[in-house]
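Enquirer: Attaching a single structure in C-alpha cells format; questions to follow.
Coordinate-derived values only; no laboratory data. Note that the structure is predicted; figures quoted are calculated from it, not measured. Positions of Cβ are generated from backbone atoms using ideal geometry, with glycine treated the same way; all protein chains shown enter the neighbour counts.
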Amino acid sequence: MKKNYELACILDPQLGEKQLEATIEKYDGYLKANDAEVVNLDRWGLRKMAYTTVTMKRRQQGFYVLYQFVSEPGLLPRMQQVLKLDEGVLRFLFTAVQGQFVRVPQLLAESAMVREERGPRGGRDGRDGRDSRYRREEREAPTPAPAGSAAAPAEQEPAAPAAVAAEGADPQAQA
C-alpha cells in the first residue's frame, strides 16, 4: 500500500550550482526509478542553519530541498542507505504525511527575515540601557573609609545600643 512521504534534505552548499542540481535530479530520478510518484519538488535555497556539527562538516549554511512523494514503505530503508553514503548530503529526514501534502507556495528570502538593528534603549525611565544588576551594584557598593580613620565603618560598634545593653535596662522603658 502506497503512502505519502516527505524527504527534507540539506545539501552541502560548497558543491557548486551544477553539482547541486545534479544531486537534486539524482534523487528525483531515484524516486521515479523505484516506482515512487514525486508530487512536489521544492528548492528552498540557501539557508543559515541553527547549529553545526562535525558530521555536517561545520557548515554554517545549507541548500534545502523538499521532496513530496507517494511510495511503498520498503523504498525508505534503501534510499536512506544511499543518502547516508552521499558526501553532498549533510542531513536528511523522512516524514510520513497523513492526508494531503501541505505546500508552501513561496518561502521568504532569508534576507527578508532578518530584523534591522535596534538602537540603544536609553532615555526610558532615566535608564541608560545598562543591565539593572550593574546599577544595583553601584548603589550597594561600600564607600571607601576616610584616609584618617583607623577602623572601617562595618567594624565600629554602635554607641547607643551598647550603652543600653551594658546597663541591662529595657530600651523601651527609658523612652
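Enquirer: Contour minus end-to-end for LYS48 and LYS18, with contour as 0.36 nm per residue of separation and end-to-end as the Cα-Cα distance? Mind showing how you got there, number by number?
Expert: Numbers: separation 30, 0.36 × 30 = 10.80 nm, distance 2.05 nm.
Extra length available between LYS48 and LYS18 comes to 8.7 nm.
Enquirer: Where a ≥ b ≥ c are the square roots of the eigenvalues of the C-alpha gyration tensor, would you call the range 27-107 rounded, which needs a/c under 1.5, or, failing that, prolate if a/b is larger than b/c, or oblate? Mind dumping the intermediate values first?
Expert: Values: a/c = 2.16, a/b = 1.33, b/c = 1.63.
Since a/c reaches 1.5 but b/c is at least a/b, the shape of the range 27-107 is classed as oblate.
Enquirer: How far is it, in nm, from the label point at GLU87 to the one at LYS3 when both lie 7 Å from their Cα along the line to the Cβ?
Expert: Result for the modelled spin labels: 3.4 nm.
Enquirer: Hey, rough spin-label estimate for ALA96 and THR55, points 7 angstrom out along Cα→Cβ, what's it come to in nanometres?
Expert: According to this spin-label approximation, the distance is 2.2 nm.
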